[in-house]
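Enquirer: Quick one: the structure is below, questions incoming.
The values are calculated or read from the model by the stated rules, or taken from the named source; none is laboratory data. These numbers come from a predicted model, not from an experiment. Counting neighbours? That spans all protein chains shown, and the Cβs are built from the backbone with ideal geometry, glycine included.
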Amino acid sequence: MDYIARLLLPPQESTFAHEVDALFHFINFTSLILLVGITFAIIYFAIKYRRRSDEDTTPLITHNNTLEVTWTVIPLILILIVFAWGFSSYNTLRAVPDDAYEVYVRAYSFNWEFTYPNGVRSTNDLYVPANRPVKLVMRSSDVIHSFFVPDFRIKQDVIPNRYTQQWFQTKGPGSHVIFCTEYCGVGHSDMMGMVYALEEEEFNAWLEEEASKDIESMPLVEVGELVWRSEGCMGCHSVDGASGIGPTFQGLWMRERNFTDGTSAVADEDYIRESILQPRARVNVGYQNIMPTYSGILSDRQIEGIIEYIKELSE
Amino acid sequence: MATTATNGNALKIQQFSSSEEFSHNFLKAKPGIWNWMTTVDHKKIGLMYLASVVFFFFVGGMLAITLRLELLSPAQNFMDADTYNRIFTLHGAVMVFLFIIPSIPAALGNFLLPMMIGAKDVAFPRLNLASFYIYSIGALFTLISTGLNPIDTGWTFYTPYSTSTGTAVIWMTLGVFVMGFSSILTGLNFIVTLHKLRAPGLSWGKLPLFCWSIYATSIIQVLATPVLAITLLLLIMERALGIGIFDPAMGGDPVLYQHFFWFYSHPAVYIMIVPAFGIISELIATFSKKTIFGYWPIALSSLAIAFIGSLVWGHHMFVAGQSELAVVVFSFLTFFVGIPTGIKILNWVATMYRGSILLASPMLYALYFLFLFTIGGVTGIMLGAIGVNVHLHDTYYVVAHFHYVMMGGTVFAFLGGLHFWWPKITGKMYNEFWAKVAGVILFFGFNLTFLPQFIMGSQGMPRRYYSYIEQFQSMHVYSTYGSWVLLLGFLIIGAYLLHSMFRGEKATSNPWNARSLDWMTSSPPDEHNFPYSPVVIHGPYDYHKPESEFLLGIAGSDHHEEITVGTETKVKQ
């Protein structure tokens with residue numbers, strides 16, 4: 001039984017998971033009995049009543065009301081059980097505890113941005129206190145995405161015109177993968193993240209450390225790396241030369257860029273600034289015109305950080 | 001001539017033998033491309049549909065093989081994400097709109113429905129031809145879309161992605177919009193045909209169950225397809241004119257699109273599967289040589305599925321952001337589709353009890369269907385349970401579930417039907433040995449392809465991913481190997497059917513000793529199906545009597561002409 005559960009389902013890492021799994025196993029078990037019964041009947045009949053000669057005659061059996069009622073009522077009872085069970089687990093899933101720790105989630109192609117109550121932000125890495133209910137208040141800034149953590153058995157679409165919510169409580173510290181499960185375009189399968197459940201003190205320490213990062217006193221290159229990591233650049237632009245949804249940052253500095261309108265330019269300060277603030281103005285050959293603008297989101301200092309970071313990556 | 005009294009009229013009785021040969025078959029009548037293109041013969045139109053759906057099944061199948069090949073290893077293999085997205089979209093759109101929706105109703109249904117009810121043609125033969133051309137124009141639009149800039153939205157065209165992507169969405173949706181009219185008109189034609197053109201004596205209770213399933217399907221086609229048309233029109237206006245019905249920036253609601261879309265597309269699932277039920281009823285009764293068990297439960301459960309199936313669209317949106325009350329109501333209603341479906345399966349199995357079962361290849365397909373469709377059905381129950389659905393939604397579990405229903409169900413039934421009626425359609429037999437071999441290969445390949453998808457799905461593998469994390473690789477590898485086995489099976493089928501077409505042994509008029517009207521004429525049928533008006537005396541499943549006692553009347557007994565259907569035809573005075 002344990003082996004089958006491990007084969008079929010991810011580990012149970014939320015307080016909610018066992019409710020879903022119990023119903024999952026119940027339906028599988030009942031279905032298996034049904035399937036084996038039907039298969040056995042078919043094989044048995046096919047052998048026992050095989051055609052022996054073309055002159056075979058068969059009895060006239062048109063119907064049997066008792067049987068019809070039986071195989072209407074028994075499935076009816078089963079489906080009502082399954083409905084009620086599924087409904088009850090859904091209730092648990094939708095009833096957010098009052099003391100839940102709240103995190104805002106913003107989905108955009110192809111990143112997850114998390115904002116914590118003290119203002120700290122992180123991208124694609126969600127840090128949460130372990131063993132405590134966590135509520136996600138989610139919104140998309142472009143197309144529909146869906147926030148799925150298999151280990152927690154939770155999933156909810158993230159839509160552009162209103163907040164959707166879900167919650168979970170981990171059973172201890174650990175890390176769990178996040179998938180986007182609503183098809184959102186070219187970066188859909190790369191729109192992944194991680195949930196890191198930390199012990200309470202560890203989590204608070206992380207929050208404080210993040211909050212104390214002061215980009216005004218950091219070297220520009222470090223600002224650039226922080227922006228790349230926390231503002232979503234890393235979702236599409238690699239720093240190791242790997243091809244992604246967008247061009248890699250490595251070796252980009254002063255390289256000739258060819259655009260879809262036939263023009264070309266050298267990747268200097270002006271070009272990099274323009275591609276951050278007006279990304280749709282000129283699009284590199286071989287890439288899609290999908291980058292959102294960072295106008296009004298990044299400060300001059302952050303943009304200069306990116307420029308310096310790209311310079312460093314090209315040395 | 002034996003006479004019998006029906007409503008006070010004397011009736012000539014004809015007995016049919018299996019060795020009739022008839023020279024005026026419809027394939028030889030009026031040859032030439034132009035005559036085919038302008039034909040109003042339902043059989044020829046059915047064959048033109050058949051050729052189209054087989055072609056599109058091949059296209060969709062090759063796209064699937066390509067997708068599976070890319071998924072053999074976790075990282076990017078030989079195509080980038082953009083190409084993958086376009087190919088999976090085309091695979092879905094081609095299979096749904098160009099193959100499976102017209103497959104059984106428009107191809108086999110067109111060919112068989114008038115013959116099964118003893119009619120010369122459908123009620124509106126010209127409209128029938130028009131339907132085919134509308135389908136062709138729609139298909140042309142989708143080809144144009146593919147030529148311009150293949151779409152990457154998924155076959156569901158969800159907004160706002162579909163209104164913001166740069167691909168040729170308008171051409172594609174316009175194509176689907178146009179094809180919808182073909183579907184509506186075909187449905188309308190069949191409904192009228194069934195009401196008005198049944199042969200004398202063919203009461204609703206003597207209608208072959210295939211006709212009942214086509215009837216239920218036609219009702220859905222007529223009622224649900226217009227909603228798809230409206231939805232796609234709104235989508236086109238959204239893209240072209242920016243009217244803001246679905247665009248949140250202008251106060252629209254993208255979830256509304258999903259409601260509109262599934263209001264059609266869930267009933268459309270039953271357009272795809274209900275005709276398959278009809279084929280299975282014919283196959284199981286014929287090859288068990290036994291009266292169908294529970295005629296009315298099977299007939300009426302098709303209508304029940306059509307009705308309940310129209311009320312459950314919201315189960316596609318359990319995590320889409322609709323209200324919690326709506327989620328609960330839709331879940332509750334969804335389970336009720338399971339009841340009539342279960343009734344059908346159990347009645348089919350009961351039909352085999354004390355039958356005289358011949359495991360010819362069409363029957364084997366029907367038995368594969370029962371096994372695969374049962375799996376498709378019970379996994380549907382799994383997905384209807386809300387708490388579990390939240391976990392499984394948009395994972396490979398769903399992909400496996402609908403392939404078990406659509407491919408394990410509809411395609412296997414379609415293949416069973418194709419083999420069953422192949423002698424009637426072409427007048428040739430196929431190689432039974434290779435048919436059995438191909439069937440076993442397909443059954444094995446199908447399970448190898450899609451069983452692992454249930455497992456990776458419940459483990460959490462999301463659908464529509466072109467790359468994936470390594471933990472899922474072993475299941476993906478099995479699935480890809482399975483797709484090659486499936487390809488092999490289909491290639492064998494293609495080979496022996498082609499061989500049969502040109503070199504096949506000549507088929508008798510009723511090689512399976514079936515009892516419904518479609519078998520009471522020569523193979524291939526006469527240009528006007530029957531060279532006389534049949535009067536139905538016995539039911540389509542009267543297998544409890546030997547074939548020699550199975551009787552059919554002929555209308556117009558006052559002006560008796562010699563019937564020249566076959567050499568052994570006996571018209572007794």
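Enquirer: Counting only residues that are over 23 Å from B:Tyr541 (Cα atoms) and surrounded by 12 or more Cβ atoms within 10 Å (Cβ to Cβ), which one in the stretch A:39-70 is farthest from the other protein chains (Cβ to nearest Cβ)?
Expert: Here the answer is A:Thr70.
Enquirer: Being more than 8 Å from every other protein chain (Cβ to nearest Cβ) and of a type in the set (Phe, Trp, Tyr) is the filter here; which residues of the stretch B:148-164 pass it?
Expert: If the condition is that a residue be more than 8 Å from every other protein chain (Cβ to nearest Cβ) and of a type in the set (Phe, Trp, Tyr), then B:Trp155, B:Phe157 are the ones that fit.
Enquirer: Which one of these does A:Arg51 not meet: (1) in contact with a strand residue (DSSP E or B) (Cβ under 8 Å, 6 or more places away or on another chain); (2) more than 21 Å from B:Ser331 (Cβ to Cβ); (3) in contact (Cβ under 8 Å) with a residue 12 or more places away in the chain?
Expert: Going through (1) in contact with a strand residue (DSSP E or B) (Cβ under 8 Å, 6 or more places away or on another chain); (2) more than 21 Å from B:Ser331 (Cβ to Cβ); (3) in contact (Cβ under 8 Å) with a residue 12 or more places away in the chain one by one, A:Arg51 breaks only (3).
Enquirer: Would you list the strands (runs of 3 or more DSSP E) that sit entirely within the stretch A:80-144 and hold 3 or more residues that are crowded, with 17+ Cβ neighbours inside 10 Å?
Expert: A:101-108, A:111-115, A:125-129, A:134-140
Enquirer: Six or more apart or on different chains, Cβ under 7 Å: which pairs go from a residue in the stretch A:249-264 that's of a type in the set (D, E, K, R) to one that's assigned to a loop (DSSP other than H, G, I, E, B) and surrounded by 14 or more Cβ atoms within 10 Å (Cβ to Cβ)? Could you list them?
Expert: A:Arg255/A:Ala267; A:Arg257/A:Ala267; A:Asp261/A:Arg282
Enquirer: For the condition of a type in the set (Ser, Thr, Tyr), over 21 Å from A:Pro133 (Cβ atoms) and under 21 Å from the mean Cα position of the chain (by Cα), what is the one hit in A:Tyr49, A:Tyr108, A:Tyr104?
Expert: Values: A:Tyr49 fails: under 21 Å from the mean Cα position of the chain (by Cα); A:Tyr104 fails: over 21 Å from A:Pro133 (Cβ atoms).
Matching residue, one of A:Tyr49, A:Tyr108, A:Tyr104: A:Tyr108.
Enquirer: Further question: What strands (runs of 3 or more DSSP E), lying completely within the stretch A:154-241, carry at least 2 residues that are without any contact (Cβ under 8 Å) to a residue 40 or more places away in the chain, surrounded by 15 or more Cβ atoms within 10 Å (Cβ to Cβ) and away from chain B (no Cβ under 13 Å)?
Expert: Fully inside the stretch A:154-241 and qualifying: nothing.
Enquirer: Another question, then. State whether one or more residues within the stretch A:115-124 are under 29 Å from A:Ala5 (Cβ atoms), aliphatic (A, V, I, L, M) and over 13 Å from the mean Cα position of the chain (by Cα).
Expert: No, the stretch A:115-124 has no match at all.
Enquirer: Which pairs do you get when a residue that is touching a residue at least 24 places away in the same chain (Cβ under 8 Å), found in the stretch A:64-87, comes within reach of a residue that is surrounded by 15 or more Cβ atoms within 10 Å (Cβ to Cβ) and assigned to a helix (DSSP H, G or I), reach meaning Cβ atoms under 6 angstrom, with the pair 6+ apart or on two chains?
Expert: A:Trp85/A:Leu23; A:Gly86/B:Ile386; A:Gly86/B:Gly387
Enquirer: Let me ask you something else. Could you please tell me which pairs satisfy a Cβ distance under 7 Å, a separation of 6+ or placement on different chains, a first residue in the stretch B:392-404 that is at the interface with chain A (Cβ under 8 Å from one of its Cβ atoms), and a second residue that is in a helix (DSSP H, G or I) and crowded, with 24+ Cβ neighbours inside 10 Å?
Expert: B:Thr395/B:Gly457
Enquirer: How many residues does the stretch A:265-315 hold that are over 31 Å from the mean Cα position of the chain (by Cα) and in a loop (DSSP other than H, G, I, E, B)?
Expert: Of the residues in that region, 4 qualify.
Enquirer: Another one. Counting only residues that are out of contact with any helix residue (DSSP H, G or I) (no Cβ under 6 Å at 6 or more places or on another chain) and in a helix (DSSP H, G or I), which one in the stretch B:145-178 is surrounded by the most Cβ atoms within 10 Å (Cβ to Cβ)?
Expert: So the residue we want is B:Tyr161.
This table checks each residue for (1) under 21 Å from B:Tyr481 (Cα atoms); (2) outside any helix (DSSP H, G or I); (3) of a type in the set (A, V, I, L, M).
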| site | (1), (2), (3) |
| --- | --- |
| B:Ala438 | yes, no, yes |
| B:Ile441 | yes, no, yes |
| B:Asn447 | yes, no, no |
| B:Tyr466 | yes, yes, no |
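Enquirer: Go through the stretch B:144-182 and count every residue that is farther than 22 Å from B:Met317 by Cα, of a type outside the set (Val, Ile, Thr) and in contact (Cβ under 8 Å) with a residue 24 or more places away in the chain. Break it down stepwise before answering.
Expert: Filtering the stretch B:144-182 for residues farther than 22 Å from B:Met317 by Cα gives B:144-151, B:165-172, B:174-182.
Adding the requirement that they be of a type outside the set (Val, Ile, Thr) leaves B:145, B:147-150, B:166, B:168, B:171-172, B:174-175, B:177, B:179-182.
Then drop every residue that is not in contact (Cβ under 8 Å) with a residue 24 or more places away in the chain, which leaves B:145, B:150, B:168, B:171-172, B:174-175, B:177, B:179-182.
Residues meeting the conditions: 12.
Enquirer: Of (1) outside any loop (DSSP other than H, G, I, E, B); (2) surrounded by 19 or more Cβ atoms within 10 Å (Cβ to Cβ); (3) modelled with pLDDT under 95, B:Ser182 satisfies all except one. Which?
Expert: (3) is the only condition that B:Ser182 fails.
Enquirer: Being within 14 Å of another protein chain (Cβ to nearest Cβ) and of a type outside the set (A, V, I, L, M) is the filter; apply it to the stretch A:285-315 and report the residue that is surrounded by the fewest Cβ atoms within 10 Å (Cβ to Cβ).
Expert: Looking at residues that are within 14 Å of another protein chain (Cβ to nearest Cβ) and of a type outside the set (A, V, I, L, M), I get A:Gly286.
Enquirer: On to the next question. So how many residues does the stretch A:265-314 have that are closer than 30 Å to B:Thr167 by Cα and touching a residue at least 12 places away in the same chain (Cβ under 8 Å)?
Expert: Total satisfying the criteria: 26.
Enquirer: Scan the stretch B:239-262 for residues that are among the small types (Gly, Ala, Ser) and in contact with a strand residue (DSSP E or B) (Cβ under 9 Å, 6 or more places away or on another chain) and jot them down.
Expert: Initially, the stretch B:239-262 is screened for residues among the small types (Gly, Ala, Ser), giving B:240, B:242, B:244, B:249, B:251-252.
Residues satisfying the conditions do not exist here.
Enquirer: From B:Gly504, B:Gly489, B:Gly494, B:Gly556, grab the single residue that is at pLDDT 90 or above and in contact with a strand residue (DSSP E or B) (Cβ under 9 Å, 6 or more places away or on another chain). Outline the logic, then answer.
Expert: Numbers: B:Gly489 fails: in contact with a strand residue (DSSP E or B) (Cβ under 9 Å, 6 or more places away or on another chain); B:Gly494 fails: in contact with a strand residue (DSSP E or B) (Cβ under 9 Å, 6 or more places away or on another chain); B:Gly556 fails: at pLDDT 90 or above.
B:Gly504 is the lone residue from the list that is at pLDDT 90 or above and in contact with a strand residue (DSSP E or B) (Cβ under 9 Å, 6 or more places away or on another chain).
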